[in-house]
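Input: a single structure, listed below in structure tokens.
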There are 2 protein chains.
Amino acid sequence: MSQWDAFIDQLKFDDRGLISTIVQDHENGEVLMFAFMNRESLKKTLESKLATYWSRSRQKLWLKGESSGHTQEVKEIYFDCDKDCLLIKIKQNVAACHTGFRSCFFSKYENGEVKTIGEKVADGE
Amino acid sequence: MSQWDAFIDQLKFDDRGLISTIVQDHENGEVLMFAFMNRESLKKTLESKLATYWSRSRQKLWLKGESSGHTQEVKEIYFDCDKDCLLIKIKQNVAACHTGFRSCFFSKYENGEVKTIGEKVADGE
């Protein structure tokens with residue numbers, strides 16, 4: 001039993017064993033991405049202080065930035081009243097989005113149009 | 001066909017017909033809650049500019065604040081690179097959380113302990 005099991009046991013994972021995770025810049029509050037963790041990826045995140053998710057498309061642990069170097073240092077961890085959603089505040093190295101934008105939320109809907117408003121800080125994959 | 005159908009058609013709803021929705025204070029960037037929308041609740045949100053979700057527990061449309069008066073005026077709408085997550089920036093009237101806290105993310109995990117760090121601004125339900 002690790003020192004984190006008591007915390008992890010409090011949380012509610014869905015029928016796939018996953019918990020929704022909102023990722024926010026710890027300094028300016030920008031929402032950078034949305035992903036899923038399972039128990040193992042959350043434990044890895046707590047141990048290493050580097051955000052580690054569960055990739056639903058690849059069905060494996062996903063250390064964010066493992067290939068790109070765009071890692072996320074975890075500074076703070078919150079969870080919601082239902083205990084089924086995490087909010088992590090991180091220091092983002094370069095880009096959170098695989099397209100090279102700093103945030104995955106670079107598309108804004110306004111007055112019937114979609115506008116690209118984000119900051120591109122790296123080449124996309 | 002409504003003026004919003006072209007926008008809504010771009011988004012990816014999951015096999016339950018739902019899209020994850022992150023709710024952020026439009027002024028100070030605080031993440032207030034996490035909920036789900038379906039096509040109909042998103043259309044209602046766009047029409048009324050009041051955040052309307054799909055309640056999974058009650059299996060019905062949920063106009064946030066309908067009974068409590070703690071409504072959310074939608075100021076900006078974003079979506080992510082995968083088009084399967086919305087980020088809405090809102091003006092929160094009183095409390096986002098049914099417990100009376102301003103944000104649902106009032107619990108912080110730190111050094112093996114869970115701390116309540118949020119601001120309670122109303123009586124809980």
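The values are calculated or read from the model by the stated rules, or taken from the named source; none is laboratory data. Here the structure is a predicted model, which is why all the values come from computation and not from measurement. Using ideal geometry, Cβ is built from the backbone for each residue, glycine included, and neighbour counts are taken over all protein chains shown. Areas reflect the complete protein model, heavy atoms only, side chains present, ligands, DNA and RNA absent. Shrake-Rupley method; radii C 1.70, N 1.55, O 1.52, S 1.80 Å.
Apply the Karplus parameterisation 6.51 cos²θ - 1.76 cosθ + 1.60, with θ equal to phi minus 60°, to every residue of the range B:9-15 and state each ³J(HN,Hα) to the nearest whole Hz, in sequence, with x for glycine and proline.
Using θ = phi - 60°, the values come out as 5, 6, 7, 10, 8, 7, 5 Hz.
Taking the Cα centre of each part, how many Å lie between the range B:68-125 and the range A:63-81?
Here the answer is 20 Å between Cα centres.
Please get the size of the charge dipole for the protein assembly as shown, origin at its Cα centre, with Cβ charges of +1 on Lys and Arg and -1 on Asp and Glu, quoted in debye to the nearest 20.
Values: 36 positive and 40 negative charges, 53 e Å.
That gives the protein assembly as shown a dipole magnitude of about 260 debye.
Just the accessible area per residue of the range A:39-86, please: how many Å² with a 1.4 Å probe? Please list the in-between numbers first.
Details: 2480 Å² over 48 residues.
For the range A:39-86, the solvent-accessible area averages 52 Å² per residue.
Do any GluC sites (Glu not before Pro) in the range A:50-102 lie in a loop, going by DSSP, with at most 14 other beta-carbon atoms within 10 Å of their beta carbon, and if so which?
Working: sites: A:GLU66, A:GLU73, A:GLU76; in loops: A:GLU66.
For GluC sites (Glu not before Pro) across the range A:50-102 that sit outside H, G, I, E and B with at most 14 neighbouring Cβ atoms in 10 Å, the list reads A:GLU66.
Calculate the dipole size of the range B:16-125 relative to its Cα centre from +1 charges on Lys and Arg beta carbons and -1 charges on Asp and Glu beta carbons; express the result in debye to the nearest 20. Can you show the working numbers first?
On the way: 17 positive and 16 negative charges, 86 e Å.
Here the range B:16-125 has a charge dipole of around 420 debye.
For A:LYS83, which aspartates and glutamates qualify as cross-link partners when the Cα separation must be under 16 Å and same-chain residues fewer than eight apart are set aside?
Straight-line reach from A:LYS83, under 16 Å: A:ASP5, A:ASP9, A:ASP14, A:ASP15, B:GLU110, B:GLU113.
Could you please put A:LYS64, B:LYS49 in sequence from largest to smallest accessible area, using a 1.4 Å probe?
Descending order: B:LYS49, A:LYS64.
Taking beta carbons within 10 Å but only from partner chains, what does the mean come to for residues A:107-120?
Other-chain Cβ atoms within 10 Å of each residue's Cβ, averaged: 3.
Once the dipole of the protein assembly as shown is set up with Lys and Arg at +1 and Asp and Glu at -1 on Cβ about the Cα centre, which of A:HIS26, B:ILE8, A:LEU46 lies farthest towards its positive end?
The listed residue farthest towards the positive side: B:ILE8.
I need the per residue convex hull volume for chain A, using only the alpha carbons, in cubic angstrom as a whole number.
Working: hull volume 17.0 nm³, N = 125.
In chain A, the Cα hull volume divided by residue count equals 136 Å³.
Taking a cut-off of 16 Å between Cα atoms, list the lysines near B:LYS64, but don't count ones fewer than 8 places away on the same chain.
The reachable lysines, counting only those whose Cα sits under 16 Å from B:LYS64, are B:LYS43, B:LYS44, B:LYS49, B:LYS75, B:LYS89, B:LYS91.
Just to check I understand the Karplus step: with θ = phi - 60° and J = 6.51 cos²θ - 1.76 cosθ + 1.60, what whole-Hz values come out for the range A:3-8, glycine and proline as x?
Ordered by residue, 3J(HN,Hα) equals 5, 9, 4, 4, 5, 4 Hz.
Over the protein assembly as shown, what is the percentage of antiparallel beta bridges among all DSSP beta bridges, to the nearest 5?
Working: 52 of 64 bridges.
Of the beta bridges lying entirely in the protein assembly as shown, close to 80 percent run antiparallel.
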